[in-house]
């Protein structure tokens, strides 16, 4: 029994070590993401996701600065599509938000080295190009873009905070039904509906970087960071725990041996290695940034860079997300996306392995390419100081008045 306790402590210690190595990546990633969400309105993003190459480019750029949660990205994509955004731009947003966003790239650089970060980013561009191009050929215009639901019929986003509303907190007002995420917001709307709607309309307009001059904006940024952390909490905790337990309990030579066996299959060995990365993502059920510490363990165990990047890409194929897709898009769109994304992930993994896998080092030893302990310490201290500064400014604003609500 004592041996079990020692092993458990060792696993938890490894998980905490992974967390320490990536702490500054988490802080700066969430901070940048929250800043983008607050100073740029969600309405402006939706209008930009049109049926053109520009729409796909905008979707990609929005995803790069958006939250790194696969579930959150899928939920946002559902809302964009239902409001009339083009499916190709929506998919570009979803792919870049989960695989190319600032937070996950910083974490990749911190935990696995710049080659993995570059491979993840440019591989994501390959997937987006293949998915957008394939969807243009395979889907009908009516599937690519649907008419936006009438705004006067049902407003499902809480106009107080922008989160998904609950039918238990529904209020009918001037021909429209508004859903709120809690009784407190419902009560505020009932008390002064015109004032709440006026504030909602005003805050839906683009505010721009000039808003950073206002202390109240930083209060909203802090609230957005807190909400994103809560949204990602399960994935992050699961990812670090799985990585820590796997690194402690699973011998790298076991996994390396299994991968060598797969890779030695005549003719089909390398494609099977790439496919194994996707399958690992599907069976682990961990998404986005929670996958990064697992990817570090896989790199140390000897999985090639190409298969490791397909593992990260595979978070968009886990069963819970497929269930969300089926409720969000027509069946033809869902299965077309899943097929194109799988092909794109395999092609991107192979291309990135060819470009970065042997560039300046072996892909089998990439797991050791992390920043020095001293650099990690300094970076974490700087990140914690930056977070403390945001908290102090936000608290100062809260003493003066109510904070500005994030433009979600």
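Descriptive notes on the structure:
- Restricting the stretch 326-356 to residues that are under 20 Å from the mean Cα position of the chain (by Cα) and modelled with pLDDT under 85, the residue that is surrounded by the fewest Cβ atoms within 10 Å (Cβ to Cβ) is 327.
- Among the residues making up the stretch 134-161, a single one is at pLDDT below 70, surrounded by 14 or more Cβ atoms within 10 Å (Cβ to Cβ) and more than 17 Å from residue 193 (Cβ to Cβ): 146.
- From the list 242, 201, 229, the one residue that fits, being at pLDDT 75 or above, part of a helix (DSSP H, G or I) and either touching a strand residue (DSSP E or B) at 6+ places or on another chain (Cβ under 7 Å) or surrounded by fewer than 17 Cβ atoms within 10 Å (Cβ to Cβ) (or both), is 229.
- Leading residue by the ranking (modelled with the highest pLDDT) among those in the stretch 82-91 that are touching a helix residue (DSSP H, G or I) at 6+ places or on another chain (Cβ under 7 Å) and farther than 14 Å from residue 48 by Cβ: 91
The values are calculated or read from the model by the stated rules, or taken from the named source; none is laboratory data. Keep in mind the model is a prediction, meaning the values are calculated, not measured. No Cβ is skipped: glycine too gets one built from the backbone with ideal geometry, and neighbour counts run over all protein chains shown.
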